[in-house]
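Working notes for the structure below.
The values are calculated or read from the model by the stated rules, or taken from the named source; none is laboratory data. Only a predicted model underlies this, so the values are computations on that prediction, with no experimental measurement involved. Cβ sites come from the backbone with ideal geometry, for glycine too, and all protein chains shown count toward neighbours.
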């Protein structure tokens with residue numbers, strides 16, 4: 001082709017259509033996409049590409065628009081074009097990996113997610129879906145590591161997940177957060193860290209309680225249904241990829257169990273047992289599911305079977321003990337908890353369960369022994385210090401209770417309840433000033449601490465400061481405190 005013809009051709013490519021540039025069409029496309037007019041957005045991106053065939057952003061945005069319309073092959077073509085122009089475009093690798101994941105081409109998906117993370121190691125989406133691929137591949141420790149990383153990249157996520165309105169995140173981001181917690185819980189349960197798993201499930205439950213409070217049952221149910229569908233997807237894929245694997249059904253059974261779908265969980269665990277009659281974890285899981293379905297007597301058989309297969313499985317003894325407790329067999333309950341501790345002396349869960357049982361049944365000395373053992377296992381266990389201090393207080397061991405609350409304050413200087421309860425212990429010992437100081441500190445940290453105003457007012461009254469006492473009691477009443485406060489306020493009139 002003559003040089004002049006080539007130049008004319010290039011000029012035509014760069015020439016605006018109807019007076020608009022590629023950038024104009026791209027901007028119009030972005031606006032249309034944000035307004036939900038996906039087809040119109042695609043038309044604008046196509047016009048931008050016609051003017052500038054190397055316009056990477058237009059190809060990428062058109063590909064994501066194709067995805068929204070489930071035009072997967074066209075999206076894949078555009079993502080490939082992006083990568084042919086810019087082989088460092090990490091989001092194009094991620095999106096291509098997601099398409100491979102949807103098509104159950106897990107090796108291709110893993111390759112693209114790995115490439116994404118080589119370029120951008122903190123891409124939460126790629127980490128999450130790589131974790132899902134690892135689940136499908138039954139590489140559970142690798143999956144756990146990726147879900148942990150997603151959560152660690154958001155240091156405020158655990159707090160916001162539990163107490164703030166994370167439903168207000170974009171739908172996809174909310175799904176990522178939910179699925180990361182949910183999948184981490186399952187990985188931890190499967191690998192034996194039940195306490196960590198329970199913490200994540202508690203966060204999930206607290207989150208949906210929060211949503212119900214703010215947005216009502218309908219919004220919460222819609223949100224929960226959406227997230228359950230997403231959470232279960234990977235476990236359906238595991239079973240599809242490994243239909244003869246006992247572990248795949250065990251995994252899906254665990255997912256159903258965490259979602260309180262106990263009948264489906266029992267069915268999957270039963271299939272897992274059929275495929276591998278010596279899989280102790282499947283008996284354990286089925287026993288838990290039967291307990292959740294109100295069948296603790298049937299659960300006993302499964303827990304016993306798990307113990308026969310793995311005599312040192314501490315969790316099975318704990319599970320059987322709790323089933324016996326439900327059935328009123330307290331001796332059997334204590335015997336199995338003792339066995340759990342015998343096979344696993346550092347079992348935090350067994351010590352907590354037995355300590356609380358002793359405390360509620362009045363066996364306070366033994367409760368203190370278990371709480372002390374917990375502190376020996378983990379010197380930073382706030383819960384154990386709180387429980388031991390409260391138990392020592394019941395026994396009149398106020399000095400020892402003060403020591404525990406002081407240790408708690410040393411570890412968490414902004415914990416208002418530690419100051420509050422230490423103040424009460426000091427009051428028992430007649431240390432009015434020390435008690436007053438602790439109540440004041442509790443109020444400084446938590447200005448709406450109504451119980452602290454009540455107790456501080458009582459100390460002020462005992463010191464002859466009636467005006468100060470009445471000010472505190474009135475404040476407690478305004479904050480909603482009822483009961484004894486009304487009698488105290490009568491003295492203020």
(message) So residue 381 passes all but one of these: (1) at pLDDT 95 or above; (2) buried (at least 19 other Cβ atoms within 10 Å of the Cβ). Which condition number does it fail?
(response) (1)
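Go through segment 129-143 and count every residue that is assigned to a helix (DSSP H, G or I) and surrounded by fewer than 23 Cβ atoms within 10 Å (Cβ to Cβ). Give the derivation first.
From segment 129-143, those assigned to a helix (DSSP H, G or I) are 129-136, 140-143; that's our starting set.
Now drop any that are not surrounded by fewer than 23 Cβ atoms within 10 Å (Cβ to Cβ), which leaves 140-142.
Matching residues across segment 129-143 total 3.
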(request) Of the conditions (1) in contact (Cβ under 8 Å) with a residue 12 or more places away in the chain; (2) within 26 Å of residue 246 (Cα to Cα), residue 295 clears all except one; give me its number. (result) (1)
(message) Any residue at all in segment 164-180 that's at pLDDT 95 or above and either outside any helix (DSSP H, G or I) or surrounded by fewer than 20 Cβ atoms within 10 Å (Cβ to Cβ) (or both)?
(response) no
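Taking residue 417, is it surrounded by 17 or more Cβ atoms within 10 Å (Cβ to Cβ), within 25 Å of residue 380 (Cα to Cα) and under 32 Å from the mean Cα position of the chain (by Cα)?
Values: surrounded by 17 or more Cβ atoms within 10 Å (Cβ to Cβ): yes; within 25 Å of residue 380 (Cα to Cα): yes; under 32 Å from the mean Cα position of the chain (by Cα): yes.
Spelling it out, residue 417 is indeed surrounded by 17 or more Cβ atoms within 10 Å (Cβ to Cβ), within 25 Å of residue 380 (Cα to Cα) and under 32 Å from the mean Cα position of the chain (by Cα).
Yes/no matrix, rows are residues, columns are (1) farther than 22 Å from residue 492 by Cα; (2) outside any helix (DSSP H, G or I); (3) not assigned by TED's automatic domain parsing to the domain that holds residue 388:
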site: 430; (1), (2), (3): yes, yes, yes
site: 438; (1), (2), (3): yes, no, yes
site: 441; (1), (2), (3): yes, no, yes
site: 453; (1), (2), (3): no, no, yes
site: 458; (1), (2), (3): no, no, yes
site: 461; (1), (2), (3): no, no, yes
site: 464; (1), (2), (3): no, yes, yes
site: 470; (1), (2), (3): no, no, yes
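Can you name every residue in segment 70-109 that is free of Cβ contacts under 8 Å to residues at least 24 places away in the same chain, within 21 Å of residue 242 (Cα to Cα) and part of a helix (DSSP H, G or I)? Walk me through it before giving the result.
In the first step, residues of segment 70-109 are kept if they are free of Cβ contacts under 8 Å to residues at least 24 places away in the same chain; the result is 70-71, 73-74, 76-81, 83-84, 87, 96, 100, 105, 107-108.
Subsequent filtering for residues that are within 21 Å of residue 242 (Cα to Cα) retains 100, 105, 107-108.
Across segment 70-109, the qualifying residues are 100, 107, 108.
Would you pick out the residues in segment 386-414 that are assigned to a helix (DSSP H, G or I) and within 30 Å of the chain's Cα centre (by Cα)? Even if it seems obvious, please write down each step before you answer.
Here is the first cut: in segment 386-414, the ones assigned to a helix (DSSP H, G or I) are 386-394, 398-411.
Residues satisfying the conditions are 386, 387, 388, 389, 390, 404, 405, 407, 408, 409, 410, 411.
Looking only at segment 56-68, which residues are surrounded by fewer than 21 Cβ atoms within 10 Å (Cβ to Cβ) and touching a helix residue (DSSP H, G or I) at 6+ places or on another chain (Cβ under 6 Å)? Show your work before the answer.
We begin by selecting, within segment 56-68, every residue surrounded by fewer than 21 Cβ atoms within 10 Å (Cβ to Cβ); these are 56-57, 64, 67-68.
Hits for segment 56-68 are 56, 67, 68.
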(request) Scan segment 36-46 for residues that are modelled with pLDDT of 90 or more and surrounded by fewer than 21 Cβ atoms within 10 Å (Cβ to Cβ) and jot them down. (result) 37, 38, 39, 40, 43, 46
(request) Kindly indicate which of 309, 368, 353, 266 is crowded, with 16+ Cβ neighbours inside 10 Å and within 28 Å of residue 180 (Cβ to Cβ). (result) 266
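For segment 292-306, which positions are within 18 Å of residue 328 (Cα to Cα) and crowded, with 23+ Cβ neighbours inside 10 Å? Give the derivation first.
Within segment 292-306, the subset within 18 Å of residue 328 (Cα to Cα) is 292-301, 303-304.
Within segment 292-306, 299, 303 qualify.
Would you call residue 417 in contact with a helix residue (DSSP H, G or I) (Cβ under 9 Å, 6 or more places away or on another chain), over 23 Å from residue 490 (Cα atoms) and part of a helix (DSSP H, G or I)? Steps first, answer last, please.
Details: in contact with a helix residue (DSSP H, G or I) (Cβ under 9 Å, 6 or more places away or on another chain): yes; over 23 Å from residue 490 (Cα atoms): yes; part of a helix (DSSP H, G or I): yes.
Yes, satisfied.
For residues that are outside any helix (DSSP H, G or I) and either in contact (Cβ under 8 Å) with a residue 60 or more places away in the chain or surrounded by fewer than 16 Cβ atoms within 10 Å (Cβ to Cβ) (or both), tally how many sit in segment 480-493.
6
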(message) If a residue must be farther than 26 Å from residue 245 by Cα and either assigned to a helix (DSSP H, G or I) or modelled with pLDDT under 90 (or both), how many such residues does segment 119-128 contain?
(response) 4
(request) Could you please find all residues in segment 281-309 being under 26 Å from the mean Cα position of the chain (by Cα) and assigned to a helix (DSSP H, G or I)? (result) 281, 282, 283, 284, 285, 286, 287, 288, 289, 290, 291, 292
(request) Please state which one of 312, 346, 278 is closer than 30 Å to residue 405 by Cβ, in a loop (DSSP other than H, G, I, E, B) and either modelled with pLDDT under 95 or touching a helix residue (DSSP H, G or I) at 6+ places or on another chain (Cβ under 7 Å) (or both). (result) 346
